[in-house]
Structure formats: structure tokens, C-alpha cells
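The values are calculated or read from the model by the stated rules, or taken from the named source; none is laboratory data. These figures come from a predicted structure and were not determined experimentally. When we count neighbours, we look across all protein chains shown, and the Cβ atoms used for this are built from the backbone with ideal geometry, even at glycine. Accessible surface areas use protein heavy atoms only, side chains included; no ligands, DNA or RNA. Shrake-Rupley method; radii C 1.70, N 1.55, O 1.52, S 1.80 Å.
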Amino acid sequence: HEDEQDEIELRNVNNEDEQDEKVQGSLGRWEDPWILLVTITLVLMTPSFFFGVILLYQLTGRMHPSLFISLHQTLALWIAYYRIPQQDNKTPTSGTRTCFRFLVFCASGLDFVLLVLVYPFLIHLLIEYLWTDEDGTTIIEWSRFIHQFHTLKYIGWGVVLFRCLIGGAAVGIRIAKRYNPAYGVWRPTFWLPCNSTTRDPVLVQSHYRRILTWSIRASLFLNFVGFLSAWSHFGPWPMPLQHYKDCDPLDPTECVLPFPSFHHVVNDETTATGWRVNLKGHILPPLRGGLQLHPGFLNELDGFSTMAPLLFYIDGLKEAHEQGANIVQLRGPEQIELSVTRESITLLLDVEAQELVYHSAEIDYLDPIRPLVMVFPSRPLKHNTHYALAVINAADTEGHRLSPTDGMQQIFHSSNSAQRTRFREVVIPALETAAPWWSFAKDPQSLQLLFDFPTISENSQLGPIRGVRDAAIAHIQKWDWSDHARVIKVEEYDCDVDLIARTIHGELDVPWFLDSFGAGGRSAFLDRDAVESGTPVTIGQAKFIVRVPCSVKKAALGQNGGKPLRAIMEFGHGLFGNRGEVKEGFLSRMAHDNGYILTAMDWRGMSSYDLPVVIKTLIGTPRLFQAVRDNLIQGYANKFALQHFSQNGMLEMRWLEFEGSRLPSFESRPPVSVFYGISQGGILGAGYTSLSGATGLIHRGILGSPGSPFALVLSRSLDFSSYDVLLLMNFYTNRHVRILLGLVQMGWDSTEASGVLALPVSEPIPRILIQAGLGDPVVPTIAAEALARAFDASILPGNPRTIFGVPTLQAANETWDGPHVTLTELLYEKEFNSLPLDDVVAAPNSVHYCVRLDNKLIKQIAEFVNSGRVIDPCVEGQCRRSSAIC
């Protein structure tokens, strides 16, 4: 009996051992470590994938950029789901096992390629080219994203490392068991279940399947949202029908047209104009997916832009323009002088002064299938003034006069319309006075379209930027800059090889008026209370570069070939560049030859470090344009701080000494403060230098290849095509893009000459030299000429052509230094003669770059900086070039 009892006990022990082996085999055996691999997918991969999707959405404002990541996540979860052994204990066939192992191998290979190579490479590109500063440090506003993307990268590497270790262990054990009989019954485990719950493999597998199922559902939902986002941006999503409840009936082309108009304002006694803009989201161009474009801060303005395009359309105008047989027609940029005569079908009227305003009118070919007519004033309109645009005697291709729009006829047939009363009693009498050849009473059908609008007041347009400027300067006025300027890095060069002796990368404290500083600050908005009170929100930091040429170093050391310091020249970089452009060779040569220190600071809001915000604005969140503008205003304040520093302490800094010697100045006089901006630097520089006039911080400004307004420059520029692609991810047609550009100009005016130089100009401006190339496909010369008219500039007698509204004055002589603002043009004959007459992009050429390298213009700049005199480089036809070769 005792023997039988011992046998039973032994049998039970053996059964328990077999059960333990079974449990360990399905849960904790190294030969099939599915539980480890699935756990890694759930604990590491899945949260990091979800977090990556959130990060990309925060960066772009749309879900489709993260679609690939969510698809990768779904694949990883499906593979993890099928890694779990079957509950029915059915042994899979050899073919099934082979197929599944091959699938797992491919998925693991894909994980390796993506997690180890592709994702880290993309993260590196993002950080290196967008978020790494010129001085090698990271951009503080993007620091949170940098840390988070690095964390995701390390998690991805960790996932691959763990999988390799686990897989290596499993493969090693299988090989050992296969080729060494001594290990045939070896069952190594990594985990021994410790209670009844974890000992049941079926229960554990069920828990894992349940978690994976919900994770897969969440991942599929993200896929669905991503596909929906991609479909709305790239697919044939139908444009929603606009509701005409609040549309202006004058122009049925688009609900918001004609624009601008009194239709889009409401009375407001608290504003200087008595009006306030009241744009409604549902009448503006819709965003893809049927979303509304919200006007945001534009509805805080008390009038419309002083130089944005006036937009309208009447069917038949494009065809008549292309035929060109009619005597009365649209007068483009080359025929501005005819725009106030009976030979123009568009008449722009200053209603209060009862005078016609010179302008250009042309068909907008940004969308040739859905065209508009664009009317640009030849120079900025007056602030707080009533204007109107009339279309008179427009004809079709056969010469037959077009009928007035249905909305026009409805207005004049209505009996008690405030608009009809205003037209009848105010606008039309003023138009008849300004255009005596026309009479509404004699020929009412000749007036085919009429709309009027108020322009913005000076304070509404320029109040915020002037407030930030004045408060910033008042705050730093008594600073000891030695306590507020820091050196980050100094680079020394060999003057036997280089033209530059030293480059200093530094950081300035600056008064901060945005509502946040630091992480996320590139999307910040101006703090209204801080602007109105003149008290900064905090003290922020702005980076700068200083470059000292070898000639100035030699002067400090008393060596031959030295040139004492004549000027401190701040350089303004081009479109979405950064301050590193100050290292261009032609600038180094100019500084070395003349004794200039070069300085530079980013156009905050429009630098390469702001591109993520700009892209998000274009493809997903148009309301962020206010953040772009507000950051640019803060950037102007930063630049004013740099100018103040350069004149009040920079030259005393020890990092500008050479062997204990300070830099000597020319004739022991303080160096001249000069700004030199090219392309975007010239466009924004026009507003920046104009705003500096009241501060006295900038003595002279050089604007290379500039223009105004941005709405005129953009669609004619070679650089616009890539941005148009992004915009068309958000808008249905380029007609809608054109309307958006007109809306954006309302906010943009405060940062460029189109607003700062609108009449009456109440602040002084420094002396300005404008240089442009005829034939430029990047910044069209017609925009530079519009800028010249805004400045009341003059040309010199040798200029290759005359310009409407820009008089000719003599160059410098013994008795005077030349015009206060001067425009000099280089004529590149081949490129200029190939320019299209209409609003289309020109063929690529090198004019935009050749202008800055031309020796004649460089000499003109040097004379202007050194003495303030404006010489004529174009005498005897020396500003004519057969083609742009540089």
C-alpha cells in the first residue's frame, strides 16, 4: 500500500512538472519568446507611434503627414497579434509556419530600416536644417520638439536592440538544441509564472489579444482620419456650395467679391474711421474638406489695405484682353499713365478729393481658368480715406459693350438702399467731377460695376508695430550692454587666406512683447496689454553675428593695408534664409575694401527657423498668419536693439579687440550705421528702415532687388511656385489663393512700405538707395518701381529707362549729395525683353543674383555708405547688359 501511494505521488509530481513545462513553453520559453516581443510592441512601439502622430499634427496642423507612421503602427500591431500562439492548440502546418516566419522576418526588416535608418535620418534633417542655429546651438523655440523627436528616435533604437537581443537568444538556443544532442531536452525560460492567473497561458493570451485588438482599432481610426485628411487635400473633393445669404450681389464671381468693399464693414464709433472690418468666415474662400477660413485679427482693423489688390471680375474681360482689339481696356503696369484717362475701363477714385488715382489693372493668370481682375494703386493709398473703383465701357471680343452686372442693376432699381444713396449722392458725383468725359445721367449703362471702401487708419495699421518699437527702445535706452550681450562662439581666421579676421556669434537681451518666449514661441502672438502699456512681457534673447574684416584688424594693429572703421553695416537676408547669409563673399569683399563691420540678425517670423510655422499656416492653419506677422514685429524690435547695441557699447566689447587694441574709426568719427537688405531683405528692409527714421538708429539704407507690396511680388515670383503647391493643399483653386493673398496683405502692410509709407507719412525716413534689375524673375522690377513711388524716389539721368511717377534728378555734385531716395536699375536686355506682359511667372534667369555682384552698383553702394553721396553708375549707358552672366 505504501508503494502504491509513493507511485501515485510520483505520478502527480511528474504531471505538475509536465504542466509547468507546458506553461513555461507557451509563456516563458526562450525558444518562442512571443510574450517579450509583443510586450515591446505594446509598451514601447505603440505609445511612441501615437506620440509621433501627435507631434506631426502639432507641427503641420493636418493628419495626413503622419499617415505613413500610423500605417506602420497598424502593421506592427497586426504582426504582434498573430505572434500569439493559437488558443485551440492546433499545430500549424509547416507551410503556414514558414509563411508566417517570412512575414515576421519582412516586418522585422521593415522595422529595422524605418526605426534605425529612415526615421532617425528624417529627424536629423529636420533638426539640422530647420532647428539648428547658425552658431551650432538649437533654436530655443523648437527645443521641446527636438527633445521629443530625440526621445522617439532612442525608443526606436531601443526596440530594435531589444528585438535583436531576444531574437539572437532564441535563435542561439534553437541552434544549440538542433546540433547538440545534450541540449535536446533543455527548456530555458526567462519567466516563471508565480500564481494561478499568470500560470494559465490561455488567460494570458486572451488578455494580450484584447489589448492588441483595442490598439489596432485605435490605429485603424488614425489611418482613417489620415486618409480622410489626405483625400481632402489631394483627392477630387467637391467644393462646397457657397451660401449667398451674406454675399455682395455686385459681383457674382465669388461670394466675397468685389473686394474690398463697404459690404464687409460695420459701423464702429470707437475707431478712427468710424468703421470696423466684418469679414464672415462662410463668405470667404472655403478650405479643403469644407472648413471655413476664419478672418481672425483682420476683423480688428478699421479699414482695408492701402496697397492690396482690388479684386473683381466681369465675364468676357479675359477674352477681350487677350484679343487686344479694343481701344478702351485694362491698363497694366507699363501703361499706368493711361489709367486716369478715357482709355481705361477701370477708374480708381479718391472720393473725398474727387480725384482719379493712378493704378495698374490686369487679368490675374494665377488661375487662368477662373480669372480675376487685379487693380493695384501705383503707390500706397491714403490712410482713412474713402475710395471707389468703377468699371466703365468695358467691351467683349466683338467690341460690344458688356452689360452692367445684375447686382448693379438691382441697386439702381431699389428705392431705399443705403448703398444706392451713397452711390447716387456721393460716389457718382465725385466720379463725374474727376472724369469729366463721363456722365452717368447721359449713359447709365456704361457703368458696369462700382464698389467703394474705406482704407485703414494710420493708428490701426501702424499702431502695434510703432508701439513695440517705441517701447523696446525706451526700455533699452539706459541699458549697460555689457550686462545684456553675451558671446556664444568666436571664430578666428587667417588673414593671409581670408578677407574676414573674426566672426562673433552672440546673443542679446531684448524686450519681449509676444505672449510667450521659449518653447513654442514661434507661434506666439503679440500681447496686446504689453503693447498698449509699453511694458514688455519679459526679457527674451535674440542671436546675432558680427564679422570683422582683415583690413579693420590690420588698422587696429597698425599694420600695412589697414582701413579704419567707416561703417557698421547690418545685412538683411533673403526669403526664409537666416543671418548666416552675411557670410556671402561679395559682402566680405565690400567690408574688407572699405572698412565695414558686418552684423546680421534673423528676420524673426520670416527666417528658415520659422518655416515649420509658415508651412503649417499654408497647409493647415491659415489663422497662424497673425503669428507670422506678430513674430516679424518682434523681430523688428530685436533688430532695433541690435542697432542700439552697435552704436552704444559694441565697439567697447573685449571680443572686438585685437591684442588689446580697439578698432580705430575713420577720422575718429563714430561709424555710420547702415542697413543693406537683398530680396526679402529689401522688401522687409523698406518697412524696417522707414520705421527706423523716427529713432535715428539707421543713417542710410540700401535695398537690393526689393519690391512692394508682397501681394504684387509673390504671384510673379519664381519662388512662389513651391508655396503655391502648399496653398493648393488647403484651397480649392488659385482664384481662392489670390483672394487669400489680398486678405493677407491687410495684415502685412504694417511691416512693409505699403503701409508704413501710406500718406500722410508722419515720420522721417533715412536716406535710401534702391537697386533693381530689369528682367528679374524673382522680385519683379514693377514691384521695385512701385516701392520707389511709395518712397517718392528719383532716378538718375543715366537710368536705362524712364519710370512713371519717378522723376529724374541729378546725381551728387559739389553742392549736394543727390536725391534723398534714389532708384538705380540695371537693364539686362535679353532677360527684360523676354518678360511676359501679363501676370505670369517669367522664365528662370540670373538677374536677381547678378544685381548684387555688379561692380558698378557695388561702387555706388560704397560711395553712398562712405560719403552719403549718390553717384550715377549709369552714365554713357553703363547700366545696360546684354544678358545676365555673373
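Couple of notes before you dig in:
- Residue within the range 737-747 that is assigned to a strand (DSSP E or B) and either under 30 Å from Lys830 (Cβ atoms) or open to solvent by 10 Å² or more (accessible area, probe 1.4 Å) (or both) present: no
- So Ser417, is it open to solvent by 20 Å² or more (accessible area, probe 1.4 Å) and polar (S, T, N, Q): yes
- Summed over the range 849-886, the residues that are part of a loop (DSSP other than H, G, I, E, B), open to solvent by less than 70 Å² (accessible area, probe 1.4 Å) and over 20 Å from Ala812 (Cα atoms) give a count of 3.
- Scanning the range 284-313 for residues that are modelled with pLDDT under 95 and closer than 19 Å to Asp367 by Cβ returns Leu284, Pro285, Pro286, Leu287, Arg288, Leu293.
- Filter pass, Ala641 being touching a helix residue (DSSP H, G or I) at 6+ places or on another chain (Cβ under 9 Å) and modelled with pLDDT of 95 or more: yes
- Failed item in (1) open to solvent by 50 Å² or more (accessible area, probe 1.4 Å); (2) touching a residue at least 24 places away in the same chain (Cβ under 8 Å), with Trp186 passing the rest: (2)
- Within the range 328-356, if we keep just the residues that are among the polar types (S, T, N, Q) and open to solvent by 10 Å² or more (accessible area, probe 1.4 Å), the residue that is nearest to His400 (Cα to Cα) turns out to be Gln329.
- Just one of the numbered conditions (1) at pLDDT 95 or above; (2) among the hydrophobic types (A, V, I, L, M, F, W, C); (3) out of contact with any Ser or Thr (no Cβ under 9 Å at 6 or more places or on another chain); (4) surrounded by fewer than 14 Cβ atoms within 10 Å (Cβ to Cβ) is not true of Ala441: (1).
- Contact annotation: residue pairs with Cβ atoms under 7 Å, 6 or more positions apart or on different chains, pairing a residue in the range 337-360 that is at negative phi and in a loop (DSSP other than H, G, I, E, B) with a partner that is open to solvent by 40 Å² or more (accessible area, probe 1.4 Å) and small (Gly, Ala, Ser), are Tyr358/Gly805.
- Exclusive hit being charged (D, E, K, R) and under 30 Å from Glu432 (Cβ atoms), set Asp470, Asp494, Asp452, Asp509: Asp452
- Selection from the range 758-776 of residues that are crowded, with 24+ Cβ neighbours inside 10 Å and not in a strand (DSSP E or B): Ala758, Gly775, Asp776
- Test: residue in the range 577-599 that is surrounded by fewer than 22 Cβ atoms within 10 Å (Cβ to Cβ), more than 26 Å from the chain's Cα centre (by Cα), hydroxyl-bearing (Ser, Thr, Tyr) and modelled with pLDDT of 95 or more: yes
Here's the yes/no breakdown for (1) of a type in the set (Asp, Glu); (2) modelled with pLDDT of 95 or more; (3) under 15 Å from the mean Cα position of the chain (by Cα):
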site: Gly704; (1), (2), (3): no, yes, no
site: Ala711; (1), (2), (3): no, no, yes
site: Ser721; (1), (2), (3): no, no, yes
site: Val725; (1), (2), (3): no, no, yes
site: Phe731; (1), (2), (3): no, no, no
site: Trp748; (1), (2), (3): no, no, yes
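- Residues of the range 130-158 that are of a type in the set (Phe, Trp, Tyr), assigned to a helix (DSSP H, G or I) and out of contact with any Lys or Arg (no Cβ under 9 Å at 6 or more places or on another chain): Phe145, Phe149, Tyr154, Trp157.
- Residue check: Lys177 meets all listed conditions (1) within 58 Å of the chain's Cα centre (by Cα); (2) modelled with pLDDT of 75 or more but one, namely (1).
- Restricting the range 231-246 to residues that are open to solvent by 20 Å² or more (accessible area, probe 1.4 Å) and either at pLDDT 80 or above or part of a helix (DSSP H, G or I) (or both) leaves a set whose member that is nearest to His294 (Cα to Cα) is Asp246.
- Count - residues of the range 119-150 that are farther than 19 Å from Leu59 by Cα and either surrounded by fewer than 18 Cβ atoms within 10 Å (Cβ to Cβ) or in contact with a Phe, Trp or Tyr (Cβ under 6 Å, 6 or more places away or on another chain) (or both): 2
- The one condition in (1) closer than 24 Å to Ser460 by Cα; (2) modelled with pLDDT under 95; (3) open to solvent by 30 Å² or more (accessible area, probe 1.4 Å) that Arg276 fails to fulfil: (2)
- Looking only at the range 667-692, residues that are more than 24 Å from Gly574 (Cβ to Cβ) and small (Gly, Ala, Ser) come to 1 in all.
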